[in-house]
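Remarks on the structure that follows.
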Amino acid sequence: MKKLIAGVLVLSVLGSCGNKKTSIDPFASITHEVDSIRHKADSIHQEELPEEPKPTEADESFDDFIYNFASDDALQRQRVKFPLPYYKGDEKTNIEERNWKHDDLFTKQHYYTLLFDKEEDMDLVGDTSLTSVQVEWIFVKTRMVKKYYFERIKGAWILEAINLRPIERNENEDFVEFFSHFAADSLFQSQRVQDPLAFVTSDPDDDFSILETSLDLNQWFAFKPALPADRLSNINYGQRNDDNSPTKILALKGIGNGFSNILYFKRKAGEWQLYKFEDTSI
């Protein structure tokens, strides 16, 4: 364990370490391609626009597309189906193109979050066969979800609708409500962290290995990341997010900076508890 703590401290000072473990960080490899994608988008924009937008290489992966959609105003306007249906509860309005304001989504943040019920669903990230994906903002204080519906039509991703609705309540402890309390209250957090806590991290002495060990409660507070308390983002690639699931996974993924932390939760006696922490940042 002494070797682990020393290694982790070296990680925090140097800010980099080799890691061959699969990582959900799709934006880390594409930020340097933005200029070329924007150039292509601008070229399309300068031409007479067809009835249906032509796909670009960024459409191959939804993660590539959504970064460029949020970063490039010209591309964004091409990929919104106007007039865009906007649902707020049972009320529907249409957003005309002249009234559309550029939406940065989560790209102005240092990281974004993803929610899963089980580890197998994490394999959906980067799947190039997807044809329907939803991007979500989960607003904790107001208990609202804003969902953007994207469809891939003839190879091009298109935003077809936005829906703002309340988060439904059920008889079990709500995960979003729990996590907001967990992120903001250190005393509550200490009561909901398993001690010892399973810990997975990169091996500072071997670029090709990871370490699986454990942390005590004090070490968790020393190494834990900053946690979002007000709102969460999510990209729904097709994974289930069941309120009654006995497990939840919250992934915090950096945008172009190699940051990767994953928190694993399970219900114990009806209450959510953090049982594993993974830090494979590079």
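The values are calculated or read from the model by the stated rules, or taken from the named source; none is laboratory data. All figures in this text were calculated on a predicted structure; none of them were measured in a lab. FYI the Cβ positions are ideal-geometry reconstructions off the backbone, even for glycines, and counts take in every protein chain you see. What goes into the accessible areas is simple: the full protein's heavy atoms, side chains included, and nothing from ligands, DNA or RNA. Shrake-Rupley method; radii C 1.70, N 1.55, O 1.52, S 1.80 Å.
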- Centroid-to-centroid separation of the stretch 55-84 and the stretch 149-179 [C-alpha atoms, Å]: 18
- Counting Lys and Arg as +1 and Asp and Glu as -1 over every other residue whose Cβ sits under 14 Å from the Cβ of Gln273, the net charge comes to +3
- Query: What are the ³J(HN,Hα) values, in whole Hz, obtained from phi via the Karplus relation 6.51 cos²θ - 1.76 cosθ + 1.60 with θ = phi - 60°, for each residue of the stretch 153-165 in sequence order, with x given for Gly and Pro?
  - Reply: 10, 6, x, 10, 6, 10, 7, 10, 6, 10, 10, 10, 8
- Item | Nonlocal amide H pairs with Gly256, under 5 Å, H built at 1.01 Å | Phe27, Ala28
- Message: Give me, ordered by chain and number, the residues 5 or more places off Val80 or on other chains with an amide H under 5 Å from its own placed amide H.
- Response: Leu159
- When the accessible area of the stretch 173-277 is computed with all protein chains present and a 1.4 Å probe, what percentage of it is carbon and sulfur? 46
- For Leu197, what is the net charge nearby, where nearby means another residue's Cβ is under 15 Å from its Cβ and Lys, Arg count +1, Asp, Glu -1? 0
- Item | Fraction of the pair-distance distribution of the stretch 173-277 above 20 Å, Cα-Cα pairs, percent | 43
